[in-house]
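Please read the structure below before turning to the comments.
The values are calculated or read from the model by the stated rules, or taken from the named source; none is laboratory data. Here the structure is a predicted model, which is why all the values come from computation and not from measurement. Reconstructed Cβ throughout: ideal geometry from the backbone, glycine too, with neighbour counts over all protein chains shown.
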Amino acid sequence: MKCYMKLLFVTVLLAVSAIASAQHEQFTFSISTGNRAIHYDSISNSDNPDFLNYRYHNGLKGNYGMLLLEFGFSPDSNWKISSGFGIMSDLALHDATLSVSRKLGKYHRYHTWAIAAGFSLYSQYLNNYHQFQEVHDTLFTTFANSNFIQMDLLDITITAGPEYRFKAKRLNLEQGLKAGIAGFVPFYLTIAQKKEYSNLRREYRYQTHFSPAPAFISTTGFSYNLIETYDFKLAIMVEAIAMISSRTLKYRQTLSSWTLENALITDVSPQKQWYRFTELHAGLRFKFE
Amino acid sequence: MIRKLLLLFFVITTIRIASSCCECDESLSYFDFNKLTLANIDNTGDWPVSTASDSMWFEAVAFEAALFDSTGYYYAMAKPSHDLHLGFQAAYSCKCSFPVQSMQQMSEINIYTLESLNDSLPAGANVSRLFVAQSTSGGSNSTLYVSLPDLCNSSEQQRYYYGEGVESFRLFLKIPVSSPFVRFEMVIKLTDDRELTSQTRRIYIRHQQTSPL
């Protein structure tokens, strides 16, 4: 985890140094809505649950409607820093993104290359994860804290890679390809059970691990300036993000029967599966120079 | 005239507010645990509930123990409260919490079977290690039980409030019972070396499990 924090620190440092050397500033604000789909090649649970099988999904995909807000700052024509957050249907903040990019090579009128590094945190729902015990332990009544039958599963990605930008009159295109690591933020949960017609009670306690995995992200952005003045631009924008990664969610399972003593501890590492994240959102971008 | 009347109402209301304030004596009253009772529990469902029935399932033998002062806690209420009456009768009584604290805690719990539980546990055997406990006062994040020594260790000298001065906990037998009936005696040793004893009623064991309607 320290390694990822260092990468985040470097990203923030780059952002701060860019702000400090501000010359010709440019601010952007964009508001967009869209859809996020998360697909995981789910396989049947074995002897232990795979929490990724309990992600919110309809069929194989989890679909989320999103409202995204993004703030951008360019201290000069080379640097671009943006941060944003996303709101899901519960109107709570779920996503956070931070990215820094710097132009590479000589100035060209239409196209430029840049190197970008970014950090993002997005969430998805984990639903009814106690169903595994309900199905497997038929002699037991399973209790999950009703306040936590649905919880947020947070995914952190830290990536870096090249970006290609094309600009012609009012049209702007951006294509980025980044590689990095992704990992689920660890969480802890307890599932309690009681055997029917018996005094036997037991508890499963799960402590998940960060489980980092290589991740590849492709971003494609399109914007068209509807209004252009000397110091203000209003554009429509469409952005698509795709991530692919082979993921698992490792955890430690502690099973205690009767009392907390003499618990049975098992480290579980479900088989890795392909995990695909796609997002398409469209909206308006305001640019102030 | 109206202003004078309003002023008069203001003064009366102020005095009534003042008279409704009271200062409770929060000093502790002390009591002794001198009584132990045991009641039957139906633990066939999700959560244990008290029952008057003397039959239990062979894997669900459970009791609730209550430790308290049989003389009641009325002495705690004998302390005078310091009401500010100012010549007016208070509109409502001064509600004080009357904290009480036991002079002793549990130091050891022993349970003996008065009937043969199975071939290896004849009548008279100490079966304490076969029981686990659960405090009724809550405060635990876990639904699991604790061992009897752990229950004793956790029974700190706590402050109760009037109407609450009962140390109660539930006892659950871990092993299935093969005999047709059971009966237990419980002996609780207190930190002042006194022992409180109580017996359960004779419990008839149900072995055939049928689906509830």
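Worth a mention:
- Condition check for residue A:195: surrounded by 15 or more Cβ atoms within 10 Å (Cβ to Cβ), without any contact (Cβ under 8 Å) to a residue 60 or more places away in the chain and closer than 26 Å to residue A:251 by Cβ: yes
- The set of residues in the stretch B:21-45 being closer than 18 Å to residue B:173 by Cβ and either within 11 Å of chain A (Cβ to nearest Cβ) or in a loop (DSSP other than H, G, I, E, B) (or both) consists of B:41, B:42, B:43, B:44, B:45.
- Members of the stretch B:170-183 that are of a type outside the set (A, V, I, L, M) and either within 14 Å of chain A (Cβ to nearest Cβ) or on the phi > 0 side of the Ramachandran plot (or both): B:170, B:172, B:174, B:176
- Any hit, the stretch A:126-134, residues being under 22 Å from residue A:65 (Cα atoms) and buried (at least 18 other Cβ atoms within 10 Å of the Cβ): yes
- Answer from A:260, A:255, A:234 - the residue that is within 14 Å of chain B (Cβ to nearest Cβ) and out of contact with any Ser or Thr (no Cβ under 7 Å at 6 or more places or on another chain): A:255
- Residue A:77 assigned to a strand (DSSP E or B) and modelled with pLDDT of 80 or more: no
- Restricting B:142, B:137, B:178 to those that are of a type outside the set (Val, Ile, Thr), surrounded by fewer than 17 Cβ atoms within 10 Å (Cβ to Cβ) and modelled with pLDDT of 85 or more reduces the list to B:178.
- Per-region count, the stretch A:103-146, residues free of Cβ contacts under 8 Å to residues at least 60 places away in the same chain and in contact with a helix residue (DSSP H, G or I) (Cβ under 8 Å, 6 or more places away or on another chain): 1
- Of all residues making up the stretch A:232-277, the number that are in contact (Cβ under 8 Å) with a residue 60 or more places away in the chain and surrounded by 15 or more Cβ atoms within 10 Å (Cβ to Cβ): 16
- All of B:65, B:52, B:76 fail the test of being modelled with pLDDT under 65 and either closer than 23 Å to residue B:202 by Cα or aliphatic (A, V, I, L, M) (or both), apart from B:76.
- In the stretch A:95-125, residue surrounded by the most Cβ atoms within 10 Å (Cβ to Cβ) [restricted to those that are over 17 Å from the mean Cα position of the chain (by Cα) and of a type in the set (D, E, K, R)]: A:103
- Note on the stretch A:170-200: among residues that are more than 15 Å from the chain's Cα centre (by Cα) and among the charged types (D, E, K, R), the one that is farthest from the other protein chains (Cβ to nearest Cβ) is A:170.
- The residues in the stretch A:206-231 that are surrounded by 15 or more Cβ atoms within 10 Å (Cβ to Cβ), outside any strand (DSSP E or B) and either among the polar types (S, T, N, Q) or within 14 Å of chain B (Cβ to nearest Cβ) (or both) can be counted, and the count is 1.
- Only residues that are assigned to a strand (DSSP E or B) and farther than 25 Å from residue A:243 by Cβ were counted across the stretch A:174-205, and they come to 13.
- Listed by position, the strands (runs of 3 or more DSSP E) contained in the stretch B:98-181 that have at least 1 residues being within 17 Å of the chain's Cα centre (by Cα) and free of Cβ contacts under 8 Å to residues at least 60 places away in the same chain are B:131-135.
- Unmet criterion (only one of (1) modelled with pLDDT under 90; (2) within 14 Å of the chain's Cα centre (by Cα)) for residue B:36: (1)
- Test: residue in the stretch A:86-94 that is surrounded by 18 or more Cβ atoms within 10 Å (Cβ to Cβ), modelled with pLDDT of 80 or more and either assigned to a strand (DSSP E or B) or of a type in the set (Gly, Ala, Ser) (or both): yes
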